[in-house]
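One structure below.
The values are calculated or read from the model by the stated rules, or taken from the named source; none is laboratory data. Everything quoted here is computed from the prediction, not taken from an experiment. Note that each Cβ is placed from the backbone with ideal geometry, even for glycine, and that neighbours are counted across all protein chains shown. Just the protein is used for accessible areas: all its heavy atoms, side chains included, with ligands, DNA and RNA removed. Shrake-Rupley method; radii C 1.70, N 1.55, O 1.52, S 1.80 Å.
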Amino acid sequence: MKKLLIEYSNIIAYAVTGLVFGFGFFLLFLNFYHYRNVNETYVKQDTEMKIGQELKNKLSLITENTSGFDMNTYRGSEDPYSLSSVKSRLDICTKKINTEEFDTLISKKNVDMKDIYNMQQFYQVQISNECLVKQLYEISLTENNKLNITSLPTVAPFFENQINQLINSTDYVQKVIKNNSSYYFNSEISKVDIYNPIKDSYYSILNNYVSSIDFIYDLSVWYKNVVGGV
């Protein structure tokens, strides 16, 4: 009887051990399968690769639009200190954006969810926070605005509206990133569901980059015209 109980105990112990190893293998396989599927990539088209260089060129144009102003030699009718402040803010924006990290992000041919996350983070920190919020938003405030530029009250509401839209423009991308952290076995349909968000969120965040830099460029053109086309 005692020998029989020992045998039953051994069988139960082996069974439990087998279940533990089986469950561990299942979790390992699940993680590998999930990793493989959520790391689907989107291969950018040649036209999309050209957009990166166009953005770089536009950043150079922004610098050109502000480079002609010199407070010591300016003889126009506008307040030179106000013009100097706007120039400084635009210059800071281009320096925050036009970095080695920016070059790396926009020059990648194959884009996966990690790249989308990095693009979103760069946009949030360097473009939205450091440029739009810290540098340019104050230009759009007509009340208690210390900038004394004749045409500013006319264009300021447009600037403010644009900045607010750009600041809130990454909601979709953030939602996609969060949704793609879930674990499940993917069918061919769900693979398409993953691939499409990568492609769609890439287009979305790229559009944010384009729209923001276009806006900064437009502001620099306004600045250049205020200075006098120098």
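Computed values, structure above
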read-out: Among (1) closer than 25 Å to residue 64 by Cα; (2) part of a helix (DSSP H, G or I); (3) at pLDDT below 70 - the single one residue 154 does not satisfy; value: (3)
read-out: Qualifying residue in region 125-147 (condition: open to solvent by 50 Å² or more (accessible area, probe 1.4 Å), modelled with pLDDT under 90 and among the aromatic types (Phe, Trp, Tyr)); value: no
read-out: Region 67-96 residues that are without any contact (Cβ under 8 Å) to a residue 12 or more places away in the chain, paired with ones that are part of a loop (DSSP other than H, G, I, E, B) and not aliphatic (A, V, I, L, M) (beta carbon under 7 Å, 6 or more apart); value: 80/74
read-out: Residues satisfying the stated conditions in region 102-122, i.e. closer than 15 Å to residue 213 by Cβ and either of a type outside the set (A, V, I, L, M) or open to solvent by 70 Å² or more (accessible area, probe 1.4 Å) (or both); value: 102, 103, 122
read-out: Test: residue in region 70-91 that is under 14 Å from residue 213 (Cβ atoms) and touching a Cys at 6+ places or on another chain (Cβ under 8 Å); value: no
read-out: Region 109-123 residues that are closer than 17 Å to residue 167 by Cα, paired with ones that are at pLDDT 90 or above and open to solvent by 50 Å² or more (accessible area, probe 1.4 Å) (beta carbon under 7 Å, 6 or more apart); value: 122/101
